[in-house]
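Q: My questions will all concern the structure given below.
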Amino acid sequence: MNSEQLIDILKEHLPSEHFQWRFDRKADKVRLEHTVLKKGMDISLPEILVKYEKKKQVAIDELVHIIRETFNAMEKEQMEGFGSNSAIYPVIRSTSFPKESAAGQTFLMKDHTAETRIYYALDLGTTYRLIDKGMLASIGLTEIEIMESALFRVRSLPVAMKQDVVSDNIYYFINNNDGYDASRLLNNAFLKEMEAKMEGHMTVSVPHQDVLIIGDIRNDTGYDVLAQMAMHFFTTGAVPITSLSFLYKEGKLEPIFILAKNRLARREGKKK
């Protein structure tokens with residue numbers, strides 16, 4: 001499938017007289033504009049094509065869902081505005097993620113790691129809207145209040161986990177598909193509880209927004225498995241963040257370069 005064929009498929013799934021499609025062949029992206037809302041979104045086509053090769057129709061369904069919910073949120077925003085009673089959550093994004101909205105407004109952000117940055121989202125039910133500084137007056141909260149509210153709310157999210165054991169290493173998966181799975185990385189109380197359970201090195205991975213992986217790594221094989229796992233999730237997620245995993249120790253995150261795992265083990269010393 002090529003980019004033009006992908007656009008044709010999206011048009012079939014999103015029939016609307018209000019949608020205008022503009023294909024930028026040079027940048028290999030399509031601009032989708034809603035003529036009534038006077039708003040739109042840019043869709044990078046190469047990323048979707050890669051996902052299509054792996055997930056086929058599922059990749060198309062995911063994208064169509066995101067587009068529909070995005071425009072539904074825009075319509076709700078135009079009709080109702082924002083309210084200070086709306087739930088606000090932090091969301092993790094890669095440092096390459098845009099710092100401004102399509103309208104040129106700077107997003108509310110906070111530095112996190114060299115690979116990740118924290119953004120803040122107004123929860124709209126089936127989707128959310130990243131908060132930019134142009135929204136602050138309508139929301140009625142200061143930047144500090146929004147950040148504090150988001151950090152408080154993330155601690156209330158459920159942390160039900162599934163686990164898998166590979167070569168004596170244990171991997172815990174949080175995957176609620178609520179849009180905030182990676183955000184649970186910011187729940188320090190939960191991470192400390194998990195740290196107390198570890199028999200080996202504790203690792204955390206946020207390859208995309210809908211999964212948080214916690215590893216109890218007890219041998220070198222565990223790092224190899226973790227690297228493959230994180231890369232797989234990174235390439236298949238709807239909103240990829242980073243394929244790099246982190247070592248967690250006493251509240252601090254340190255990037256793990258898998259090729260240097262032996263050096264890391266010697267430096268840290270494995271737990272007995």
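The values are calculated or read from the model by the stated rules, or taken from the named source; none is laboratory data. What you see is a predicted model, and the numbers here were worked out from it, not measured in a lab. Neighbour counts are summed over all protein chains in view; Cβ atoms, including those assigned to glycine, are modelled from backbone coordinates with ideal geometry. Ligands, DNA and RNA are stripped out before the accessible areas are found, and what is left, the full protein with its side chains, is counted by its heavy atoms. Shrake-Rupley method; radii C 1.70, N 1.55, O 1.52, S 1.80 Å.
Q: State whether the residues of segment 220-240 include one that is within 30 Å of Leu49 (Cα to Cα), touching an Asp or Glu at 6+ places or on another chain (Cβ under 6 Å) and either assigned to a helix (DSSP H, G or I) or charged (D, E, K, R) (or both).
A: Within segment 220-240, none of the residues are within 30 Å of Leu49 (Cα to Cα), touching an Asp or Glu at 6+ places or on another chain (Cβ under 6 Å) and either assigned to a helix (DSSP H, G or I) or charged (D, E, K, R) (or both).
Q: Identify, please: which residue in segment 76-102 is open to solvent by 90 Å² or more (accessible area, probe 1.4 Å) and more than 25 Å from Pro207 (Cα to Cα) and is, among those, modelled with the lowest pLDDT?
A: Taking the candidates together, the pick is Glu80.
Q: Under the condition of being outside any strand (DSSP E or B) and open to solvent by less than 50 Å² (accessible area, probe 1.4 Å), which residue from segment 241-251 is farthest from His112 (Cα to Cα)?
A: Out of the qualifying residues, it is Ser243.
Q: Just to check your reading of the model, which residue among Val204, Val211 is under 23 Å from Glu115 (Cα atoms), surrounded by 15 or more Cβ atoms within 10 Å (Cβ to Cβ) and touching a strand residue (DSSP E or B) at 6+ places or on another chain (Cβ under 6 Å)?
A: Only one candidate qualifies: Val204.
Q: Can you find, within segment 4-44, the residue that is surrounded by the most Cβ atoms within 10 Å (Cβ to Cβ) among those that are in a strand (DSSP E or B), in contact with a Leu (Cβ under 7 Å, 6 or more places away or on another chain) and not small (Gly, Ala, Ser)?
A: Val30
Q: Same structure, new question: Could you tell me whether any residue of segment 148-164 is assigned to a strand (DSSP E or B), surrounded by fewer than 18 Cβ atoms within 10 Å (Cβ to Cβ) and of a type in the set (S, T, N, Q)? Break it down stepwise before answering.
A: Here is the first cut: in segment 148-164, the ones assigned to a strand (DSSP E or B) are 162-164.
Remaining after also requiring surrounded by fewer than 18 Cβ atoms within 10 Å (Cβ to Cβ): 162-164.
Narrowing the set further to residues that are of a type in the set (S, T, N, Q) leaves 163.
So far as segment 148-164 goes, yes, one or more of its residues are assigned to a strand (DSSP E or B), surrounded by fewer than 18 Cβ atoms within 10 Å (Cβ to Cβ) and of a type in the set (S, T, N, Q).
Q: So which residues in segment 135-147 are free of Cβ contacts under 8 Å to residues at least 40 places away in the same chain and surrounded by fewer than 16 Cβ atoms within 10 Å (Cβ to Cβ)?
A: Ala137, Thr142, Glu143, Ile144, Glu145
Results for (1) in contact with a helix residue (DSSP H, G or I) (Cβ under 9 Å, 6 or more places away or on another chain); (2) under 20 Å from Asp123 (Cα atoms), shown as yes or no for each residue.
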position: Met1; (1), (2): yes, no
position: Leu10; (1), (2): yes, no
position: His13; (1), (2): yes, no
position: Arg22; (1), (2): no, no
position: Thr35; (1), (2): no, no
position: Glu53; (1), (2): yes, no
position: Ile88; (1), (2): yes, yes
position: Pro98; (1), (2): no, yes
